[in-house]
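Participant: Submitted below is the structure of interest, expressed as structure tokens.
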Amino acid sequence: MVSLDTAPTLPVHLHRRSHPGASTANPGPAWTAAQVEALMSRPFMDLVHEAHAVHREHWPALDIELASLLSVKTGGCPEDCAYCPQSVHHATGVKATKLMERDEVVAAARAAQAAGATRFCMGAAWRSPNDRDLAKVAELVRAVRALGLETCATLGMLDAGQAAVLKDAGLDYYNHNLDTSPDHYGAVITTRSYDERLATLAHVRAAGIKVCSGGIVGMGETRAQRAALIAQLANLDPPPESVPVNNLVRVGGTPLADQPPVDPFEIVRVIAAARITMPRSRVRLSAGRREMGDALQALAFMAGANSIFYGDRLLVTGNADARDDRALLARLDLPTTAEARP
């Protein structure tokens, strides 16, 4: 495991900003893990109030982005991520499938678009795509982008050449989560290093693709370790355009299946810290949202979340019902990104 004092060296494309201190309203100065922990430990209402003020300054429309996620290649992943039911190391009953055909993916993308989604994300359970599969994914990206949707992919690790292929295909975003803090990472994943994750983000950024990177709350980490994750993300230069905040979905057969649930208000604290430290990023309520309930989701929107994964499935786990989502946003008078656009 990596200690906070010996955190991985960021690649050249993701160097830390060097100014001491931090501003709650403007990106630029570096955040330390201790500063973010102090922020997250503020009185809850004060923290949410400040996060909401920052959110209104940078996102005055208060719109909520609807993103849809499709598993285009499920199961059989050689990584040992302790939370993931798609790993070959865990007996979860998830069967490995081949990469979906173009027409199937386009049909799913059309359905998501008709339901109001503006971004369509495609996930494949690979350590890293081979050349043949990458070429097929590039064709999927072109086909989905032709519908007028923003495109996102999560395919595992990428090198510079692979990132360039996806950029040429028109990929808008690449998702590659850091998952947790450097010093907790080894307790969750052993088959891929933190530096390898950072290197993939560097290749994506250098190719001109926008970055989507976040983490998971509830994997046995401390508040200090959650703060360290937020600091890692906020100190990427620039920070990710999208920051997914996942609430651990405990799946039978995974090593984290019996992990006690985290205090739900802790998730709101993480969202608020992400909003304050990364004011121009989309902060997305992602996995585990179905278990949060309407009131907690409303509080998360108040604290700065302005994107959700939309649809009944997130890769292989369940998600909130799309009709319920639209009803909740209507009750909260929150427009979707499509509705807010002139």
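Participant: Which condition does residue 55 not pass, out of (1) in contact with a Phe, Trp or Tyr (Cβ under 8 Å, 6 or more places away or on another chain); (2) open to solvent by less than 30 Å² (accessible area, probe 1.4 Å), if it passes all the others?
Facilitator: Going through (1) in contact with a Phe, Trp or Tyr (Cβ under 8 Å, 6 or more places away or on another chain); (2) open to solvent by less than 30 Å² (accessible area, probe 1.4 Å) one by one, residue 55 breaks only (1).
Participant: Moving to a separate point now. Given the criterion more than 13 Å from the chain's Cα centre (by Cα), at pLDDT 95 or above and of a type in the set (Lys, Arg), identify the matching residue among 226, 290. Show your work before the answer.
Facilitator: Values: 290 fails: at pLDDT 95 or above.
Going through 226, 290 in turn, just one is more than 13 Å from the chain's Cα centre (by Cα), at pLDDT 95 or above and of a type in the set (Lys, Arg): 226.
Participant: Tell me which residues, restricted to segment 175-196, are polar (S, T, N, Q), part of a loop (DSSP other than H, G, I, E, B) and either open to solvent by less than 10 Å² (accessible area, probe 1.4 Å) or in contact with a Pro (Cβ under 9 Å, 6 or more places away or on another chain) (or both). Walk me through it before giving the result.
Facilitator: Within segment 175-196, the first condition is being polar (S, T, N, Q), and the residues that meet it are 175, 177, 180-181, 190-191, 193.
Going one step further and asking which of them are part of a loop (DSSP other than H, G, I, E, B), we end up with 177, 180-181, 190-191, 193.
Once the filter is applied, which keeps residues that are polar (S, T, N, Q), part of a loop (DSSP other than H, G, I, E, B) and either open to solvent by less than 10 Å² (accessible area, probe 1.4 Å) or in contact with a Pro (Cβ under 9 Å, 6 or more places away or on another chain) (or both), segment 175-196 yields 177, 180, 181, 191, 193.
Participant: Hey, another quick one. Can you tell me which of 338, 305, 300 is modelled with pLDDT of 90 or more, open to solvent by less than 60 Å² (accessible area, probe 1.4 Å) and under 28 Å from residue 72 (Cα atoms)? Even if it seems obvious, please write down each step before you answer.
Facilitator: Numbers: 338 fails: modelled with pLDDT of 90 or more; 300 fails: under 28 Å from residue 72 (Cα atoms).
None of the others qualify; the one that does is 305.
Participant: Inspect segment 250-257 for any residue being in contact with a helix residue (DSSP H, G or I) (Cβ under 8 Å, 6 or more places away or on another chain) and either open to solvent by less than 30 Å² (accessible area, probe 1.4 Å) or at positive phi (or both) and give the result as yes or no.
Facilitator: At the first step, the residues of segment 250-257 found to be in contact with a helix residue (DSSP H, G or I) (Cβ under 8 Å, 6 or more places away or on another chain) are none.
No, segment 250-257 contains no residue that is in contact with a helix residue (DSSP H, G or I) (Cβ under 8 Å, 6 or more places away or on another chain) and either open to solvent by less than 30 Å² (accessible area, probe 1.4 Å) or at positive phi (or both).
Participant: Further question on the same structure: Among (1) outside any loop (DSSP other than H, G, I, E, B); (2) open to solvent by 20 Å² or more (accessible area, probe 1.4 Å); (3) within 22 Å of residue 67 (Cα to Cα); (4) touching a residue at least 12 places away in the same chain (Cβ under 8 Å), where does residue 225 come up short?
Facilitator: (3)
Participant: Continuing with this model, one more query. Looking only at segment 84-143, count how many residues are of a type in the set (Lys, Arg), surrounded by 16 or more Cβ atoms within 10 Å (Cβ to Cβ) and part of a loop (DSSP other than H, G, I, E, B).
Facilitator: Residues that pass the stated criteria total 0.
Participant: Are there any pairs, at least 6 apart or on different chains, whose C-beta atoms fall under 9 Å, with the first in segment 285-309 and on the phi < 0 side of the Ramachandran plot and the second assigned to a strand (DSSP E or B) and among the aromatic types (Phe, Trp, Tyr), and if so, which?
Facilitator: Listed pairs, sorted by first residue: 285/309; 286/309; 287/309; 289/309.
The values are calculated or read from the model by the stated rules, or taken from the named source; none is laboratory data. Computed from a predicted structure; not experimentally measured. Note: ideal-geometry Cβ built from the backbone for every residue, glycine included; neighbour counts use all protein chains shown. The accessibility values were calculated without ligands, DNA or RNA, using every heavy atom of the protein model including side chains. Shrake-Rupley method; radii C 1.70, N 1.55, O 1.52, S 1.80 Å.
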